[in-house]
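This report concerns only the one structure given below.
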Amino acid sequence: MPKLEEYLEAQHAQFEEDLCELLRIPSVSADSQHTGDVRRAADWMVRQFSDLGLSVELVETDGHPIVCAQSPAVEGAPVALVYGHYDVQPPDPLDEWISPPFEPTRRDGNLYARGASDDKGQMLTHVKSVEAWLKANGGLPLQIKFVIEGEEEVGSGNLLKLLEADRGRLACDVVVVSDTSQFGPGQPAITYGLRGIAYYELHLHGPKQDLHSGTFGGAVTNPLNALANMLASLIDDDGRIQVPGFYDNVVPLTDSERQQFAALPFDESRFRTQLGVQALSGEKSYSTLERRWARPTFDINGVWGGYQGEGAKTVLPSRAHAKFSFRLVPNQDPKQLDDALREMLHAACPPGITMELVSHHGAPGFLVPLESPYVGAATRAIERGFGYAPVFIREGGSIPIVTHFANSLDADVLLLGWGLNNDNTHSPNEKFSLVDFHRGIRASSYLWRELSRIAIA
Ligand code: BES
Ligand code: MN
Ligand code: MN
């Protein structure tokens, strides 16, 4: 495809400039102060698609809008649905950024900005490959639909509603998502499994106001002590989660899967250095990759209450709070966990304390078979775009809508990650390799050709 490759070459700088423009919009979906910015990012996406001559619609929701676009139907070829998200995580802690999060900056071959990798940069590779096809060839070899949402980082609740209300709009044969990572630099991957999630907030209320811990301590249950005990009871020293029934439906790792993970070139000491820790730990009898990709976990995400100011204050606080989450694996059911967790925490809540447990987003895990013709097509496209054949991996993060796509669209899902796991997603100094941005665009361009050759039933 010489004409297309020439176009990609000629547009290098322009593609990067376009990405920078999108990255300058602080589309933080979790923060209501940024509601206007989230919409500006959606409008920016709409303009990209309408400039390409695709039919495009900004779908309003109870939250942030969803951008839907599509190219014309192509007789006899499969329909691909590209999913991505234009929303980003909050940028804090701000003082740890070397360059400001919403002023994209090039350094050592990377572009630094919140959203560079997750997911603006990765998502845009598919928009730019479609642009290249349209400009160089005047059309696409298959129909491509885009659904780019603004609520992935807050659980995709409104996209799930759209999917349930209007499945036909998203009907397709294969879903393409670039919102994961390569296995390592220059080692692209196809991800065949993701973990799910169940996220909670726990509020404990004790005495009606803060008390002198000398006068009253020992006679009144301290909500922070209670919180520490209750949270600690959820996991044992072997890293086994103690919620009744938690492991009932866990799909175990197969022997061949364990062998494949073990055969991947994973350097544990480099991994420790990358994270700045002296030792790794986790569920007993599992390797690090198994723990990260295929085993469920419990993590406390935040704890607050009591005195946080300078010096010491002998106080028995009236309240205590925590945010915590479980990563789930197939076939754990977030609803079943919810019921069992509630019962367990109520039983563990000591006298003198009342509790409130709030459920945030929940999503089941995701696991797909690899013997699909679409996986073969993606393998060839990646090999050509990156110069290396992909490895097959699972990952520990969650993309809540993906499981719902797989279940209700009866489509195969391709998770083709162009990022790296040291991209600092959700952290300060998020980055995306510019070389990988362009390789991603090339691989995506080849993917459309490869997919179009697959005969559909
Ligand atoms: N792109 C990530 C998901 C991801 C992370 C996949 C790492 C593979 C490896 C996505 O944007 C994300 O952050 N998802 C959230 C989901 C949550 C907010 C419901 C997550 O995993 O925490
Ligand atoms: Mn993402
Ligand atoms: Mn994310």
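Counting Lys and Arg as +1 and Asp and Glu as -1, each charge on the Cβ, what is the dipole of the chain about the Cα centre in debye, to the nearest 20?
The dipole of the chain has a size of about 400 debye.
Please compute the alpha carbon radius of gyration of the range 224-277, then divide it by the globular-protein estimate 2.2 N^0.38 Å. Two decimals is fine.
1.68
Sum up the charges of everything whose Cβ sits under 13 Å from the Cβ of S55, counting Lys and Arg as +1 and Asp and Glu as -1, but leave S55 out.
Here the charged neighbours net out to 0.
Taking only DSSP H segments of four or more residues, each worth -39500 (n - 2.57), what value at 222 nm results for the chain once the sum is divided by all its residues, to the nearest 500 deg cm²/dmol?
-10500 deg cm²/dmol
Return the whole-Å distance between the Cα centroid of the range 30-78 and the Cα centroid of the range 414-446.
The distance from the Cα centre of the range 30-78 to that of the range 414-446 comes to 21 Å.
Can you tell me which of 107-115, 228-236 comes out highest on packing, and rank the rest after it, using the mean Cβ neighbours within 10 Å? The partial results should precede the final answer.
Numbers: 107-115: 20.7, 228-236: 15.4.
In descending order of packing, they fall as 107-115, 228-236.
For the chain, compute the number of Lys pairs whose alpha carbons are separated by less than 21 Å, excluding pairs fewer than 8 positions apart on the same chain.
12
Given Cα pairs under 8 Å that are at least 6 residues apart, what percent is the relative contact order of the range 177-333?
Relative contact order here is 43 percent.
At what distance in angstrom do the alpha carbon centres of the range 125-143 and the range 224-272 lie from each other?
Each part reduced to its Cα centre gives a spacing of 43 Å.
For the range 121-214, take every pair of Cα atoms, bin their distances at 5 Å starting from 0, and report each bin as a whole percent.
Using 5 Å bins, I get a P(r) of 2, 7, 12, 15, 17, 13, 8, 5, 4, 4, 4, 3, 2, 1, 1, 0 for the range 121-214.
Could you tell me what a quarter of the Cα convex hull surface of the range 14-125 works out to, in nm² with one decimal place?
8.3 nm²
Give the value in nm², to one decimal: projected area of the alpha carbon convex hull of the chain, averaged over all directions.
Taking the Cα atoms of the chain, their convex hull projects to 23.4 nm² on average.
Report the relative contact order of the chain, percent, no decimals, based on alpha-carbon pairs under 8 angstrom and at least 6 residues apart.
Numbers: 925 pairs, mean separation 119.2, N = 457.
Relative CO of the chain lands at 26 percent.
Quick one: Cα centre-to-centre distance for the range 96-111 and the range 292-307, in angstrom?
29 Å
Taking neighbour Cβ counts within 10 Å as the exposure measure, how do W133, W418, W97 sort from fewest upward?
With the fewest neighbours first, W133, W418, W97 line up as W97, W133, W418.
Just so you know, all these numbers are worked out from the coordinates, no wet-lab data involved. These numbers come from a predicted model, not from an experiment. No Cβ is skipped: glycine too gets one built from the backbone with ideal geometry, and neighbour counts run over all protein chains shown.
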